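Taking it in order: structure first as structure tokens, then the write-up.
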Amino acid sequence: MTYEQTLAYLFAKLPMYQRIGAVAYKKDLTNTLALCAALGNPQHAFKSVHVAGTNGKGSTSHILSSLYQNNGYKVGLYTSPHLVDFRERIKINGELCSPEFVIQFTAVIAPLIEQLKPSFFEITVAMAFSYFAEQKVDIAIIETGLGGRLDSTNIIQPLACVITSIGYDHKDMLGDTLELIAGEKAGIIKPNVPVVTGNISESPLQVILAKAKEQEAKHFSYATHSFASDLKGKHQSWNIGCALQVEAILQDQFPTQPAKTAYALAHVCSSTHFEGRWQKLHDSPLVICDVAHNEEGIGLIADEIRNLGLRVYFILGFVSDKELNKIVPLLPPAQSIHLVKPQVIRGMETDIAAEAFTSFGIPTTQQATLLEAVNESLIQISASGHAESSLLFIGGSNFVVADLLQLKAEHKLPW
């Protein structure tokens, strides 16, 4: 099979949470353990750091990768979901895994796919672990997919664990209180393995601390710092603090140099090919996209938007499980809001999203495609005569940003 045929096989054969939702989520580790056992347990062949959290886990994982690769280490990085290219999930020193590896791995594992009927995520975890073992990485940064306790990545024995934040998301699977969600995230804590926590409110933090005590795992809070970074916002400062605390904990095993760490933090996106986090796409008008998609994440992004003091235009799309009655009030006033449907099965229909905005007295316009929404927003901004003082923000879902970056890759955006 070609690379494209291999991906088509994986997408068609395996239930994928990002596309179809909770029915693709496997609530145990049986398949992952069986897959990895058949592959010789590659998860035991490399050192790792395990990163969980409602928001910030992807950023923290990329920060850690940048930090260690810029200090001279060969660093594996496993994250999800991908935005444009499947291979974004599996990187070494910022470079995507090779198409040839994806083809070869899938061919080898195909009989087990037929036998075990694993999820898409279970296969990608096994694929990543195999790649990191084969490539003999010095350390791998492993981001959980959903939750922690029953997440497929939770078969590693890491050197340190990180829980970046606790907020409301995936309540149908992780629980409907912050304490229940914290309990699921805390499931990554291992006996005698240090755990770092980010900016977490007191009640869910106590759940994490209780689990750490039970596991005799030493607890550390995120570090305060004054480093500059290409990742902007106070939430990214917390994520950097988590990474710096891991760096301090592992200093004896993985020594680093302050100057190289400073460079790494200033060049996270370019070092790791990280996209979709407060990413600037155009200057006048200012166009920014971000993958924030839940109550906590959108609240933080809304604060950043307000801080700019610009005339705001939104293009937003959501997936069907989001509670817009809690998200809509977080948004700052806007000149216009165009709604689009993310190009996945789980995408929320624009008329349903519009009803949520209407209930708050906020008018919206529904667009058939993201490109139409972009063009219409730019026409409105141009007509206002205030392009230099305007912001076009595009987000609401990973998948809206993925659709946007696909347009960017195809050179279809009008700037």
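Since every read-out is calculated from the coordinates, none of them should be taken as a lab result. Treat the numbers as computed from the prediction; the structure is a model and nothing was measured. Don't worry about glycine lacking a Cβ; one is built from the backbone with ideal geometry, like all the others, and counts go over all protein chains shown.
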Rounded to the nearest 0.05, FRET efficiency between E376 and M1 (Cβ-Cβ, R0 60 Å) equals 0.90
Here the relative contact order (percent) of the chain, from C-alpha pairs under 8 Å and at least 6 apart, is 17
Counted neighbours (other Cβ, 10 Å), sorted fewest up, put K260, K341 in the order K260, K341
Relative contact order in percent for the range 279-409 (Cα pairs under 8 Å, 6+ apart) equals 38
The local net charge around Q406, scoring Lys/Arg +1 and Asp/Glu -1 for residues other than Q406 whose Cβ lies under 14 Å from its Cβ, equals -3
If one compares the long axis through the Cα atoms of helix 99-116 with the longest principal axis of the Cα atoms of the chain, the angle in degrees, nearest 10, works out at 70
For the range 352-415 the GluC sites (Glu not before Pro) that pass both the DSSP coil test and the at-most-15 other-Cβ-within-10 Å test are E410
Surpassing 31 Å at the alpha-carbon level, of the pairs K47/K260; K117/K218; K218/K322; K185/K412, are K117/K218; K218/K322; K185/K412
Relative to the chain, whose Cα atoms define the longest principal axis, helix 398-409 and its Cα axis are tilted in degrees, nearest 10, by 80
Ranked by GNM mean-square fluctuation in the chain (Cα springs under 10 Å), the top entry among S98, S66, S119 is S98
Under the helix-only model (-39500 (n - 2.57) for each DSSP H run of 4 or more, divided by the residues of the chain), the mean residue ellipticity at 222 nm, to 500 deg cm²/dmol, is -13000 deg cm²/dmol
Rounded to the nearest 5, the percent of antiparallel DSSP beta bridges in the chain equals 20
Extension length gain for Q215 and A248 (0.36 nm per residue less Cα distance), in nm, is 9.8 nm
Between the Cα axis of helix 202-214 and the main Cα principal axis of the chain, the angle (0 to 90°, nearest 10) is 10
Dividing the mean separation of Cα pairs under 8 Å (6+ apart) by the residue count of the range 70-172 yields a relative contact order in percent of 32
Distribution output for the chain: share of Cα-Cα pairs per 10 Å bin in percent, first bin at 0, values 5, 22, 32, 27, 12, 2, 0
